[in-house]
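Peer 1: Got a structure here, written out as structure tokens. Questions coming.
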Amino acid sequence: MAMAPIRLGLDRIRQQARLAPGRLSRSLKANGLGDQAFLRQVHRFERLLAKLLAAVLSVVLLVATAELVITLVNQLFGGSSNWLGDDMTRFLDQILALLIALEVLQNLTAYLRDHVIQIELVLITALTALARKVIVMPEGMLKTPGELAGLGVAILALSSAYWLVRQSHSSRSPTRREPASGFPEPDRSPQPGDAAQG
């Protein structure tokens with residue numbers, strides 16, 4: 001006889017446990033914390049963070065460009081520059097670093113515009129970074145055959161990936177981003193054969 005109340009209690013707990021997810025879901029939706037509302041908040045946070053990163057990167061690009069111009073002017077008027085040697089290499093290194101930062105900024109703006117990470121831009125940025133390593137060859141980098149072979153393999157892998165992505169995009173049908181326009185008006189000007197018929 002004592003077991004009957006315990007069984008009834010356990011049955012009630014099981015029944016409430018089955019109903020709890022539905023109640024919890026309704027309670028969350030009523031308080032504005034449902035799936036769609038949560039996803040909207042995450043999307044809003046992503047866009048805000050991307051805007052903040054784009055603004056910070058823009059400031060860094062402006063400061064770095066100003067610093068590059070000031071350094072260039074000082075070296076030009078200083079007259080002690082070796083433009084066929086190390087100074088040229090450092091200048092190219094700084095320009096390529098600015099181009100890489102500019103490509104990262106393009107990645108951020110493309111994400112803000114389309115809300116999609118564009119893999120082509122990421123691959124181009126990585127190829128530019130590797131090209132910078134090959135063109136400039138930083139002073140601290142050992143130029144052993146193994147490291148050069150590694151750079152070559154990385155460049156081939158990224159180039160192949162970029163080619164595959166381009167091939168997959170070209171095989172798809174193009175998507176329209178602008179509204180469709182009407183058909184062009186037919187040409188109603190008289191044709192040379194029309195005079196003979198009339």
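The values are calculated or read from the model by the stated rules, or taken from the named source; none is laboratory data. Fair warning: this is a prediction, and the values are worked out from it, not measured in the lab. Neighbour counts run over all protein chains shown; Cβ positions are idealised from the backbone, glycine included. Side chains are part of the model used for accessible areas, which takes the heavy atoms of the whole protein and leaves out ligands, DNA and RNA. Shrake-Rupley method; radii C 1.70, N 1.55, O 1.52, S 1.80 Å.
Peer 1: Please tell me if Asn82 is outside any helix (DSSP H, G or I), surrounded by fewer than 16 Cβ atoms within 10 Å (Cβ to Cβ) and among the polar types (S, T, N, Q).
Peer 2: So Asn82 fits the description; yes.
Peer 1: Looking at Ala149, Ala126 in this structure, which one is crowded, with 17+ Cβ neighbours inside 10 Å, without any contact (Cβ under 8 Å) to a residue 60 or more places away in the chain and aliphatic (A, V, I, L, M)?
Peer 2: Result of the check over Ala149, Ala126: Ala126.
Peer 1: Here is a follow-up. Working only within the stretch 87-121, note down all residues that are within 17 Å of Leu52 (Cα to Cα), touching an Asp or Glu at 6+ places or on another chain (Cβ under 9 Å) and surrounded by 15 or more Cβ atoms within 10 Å (Cβ to Cβ).
Peer 2: Correct list: Tyr111 only.
Peer 1: Looking at (1) more than 33 Å from the chain's Cα centre (by Cα); (2) modelled with pLDDT of 90 or more, can you tell me which one Met3 breaks?
Peer 2: Met3 satisfies all of (1) more than 33 Å from the chain's Cα centre (by Cα); (2) modelled with pLDDT of 90 or more except (2).
Peer 1: Determine, yes or no, whether Glu139 is out of contact with any helix residue (DSSP H, G or I) (no Cβ under 8 Å at 6 or more places or on another chain), part of a loop (DSSP other than H, G, I, E, B), modelled with pLDDT under 90 and exposed (fewer than 14 other Cβ atoms within 10 Å of the Cβ). Write out each step before concluding.
Peer 2: Working: out of contact with any helix residue (DSSP H, G or I) (no Cβ under 8 Å at 6 or more places or on another chain): yes; part of a loop (DSSP other than H, G, I, E, B): yes; modelled with pLDDT under 90: yes; exposed (fewer than 14 other Cβ atoms within 10 Å of the Cβ): yes.
Taking the combined requirement at face value, the residue satisfies it.
Peer 1: Which one of these does Gln75 not meet: (1) over 30 Å from Ile124 (Cβ atoms); (2) of a type outside the set (A, V, I, L, M); (3) surrounded by fewer than 14 Cβ atoms within 10 Å (Cβ to Cβ); (4) modelled with pLDDT of 65 or more?
Peer 2: Condition not satisfied by Gln75: (3).
Peer 1: Hey, among Leu61, Leu57, Leu68, Leu53, which residue is open to solvent by 60 Å² or more (accessible area, probe 1.4 Å) and either of a type outside the set (Ser, Thr, Tyr) or free of Cβ contacts under 8 Å to residues at least 60 places away in the same chain (or both)? Steps first, please.
Peer 2: On the way: Leu61 fails: open to solvent by 60 Å² or more (accessible area, probe 1.4 Å); Leu57 fails: open to solvent by 60 Å² or more (accessible area, probe 1.4 Å); Leu68 fails: open to solvent by 60 Å² or more (accessible area, probe 1.4 Å).
So the residue among Leu61, Leu57, Leu68, Leu53 that is open to solvent by 60 Å² or more (accessible area, probe 1.4 Å) and either of a type outside the set (Ser, Thr, Tyr) or free of Cβ contacts under 8 Å to residues at least 60 places away in the same chain (or both) is Leu53.
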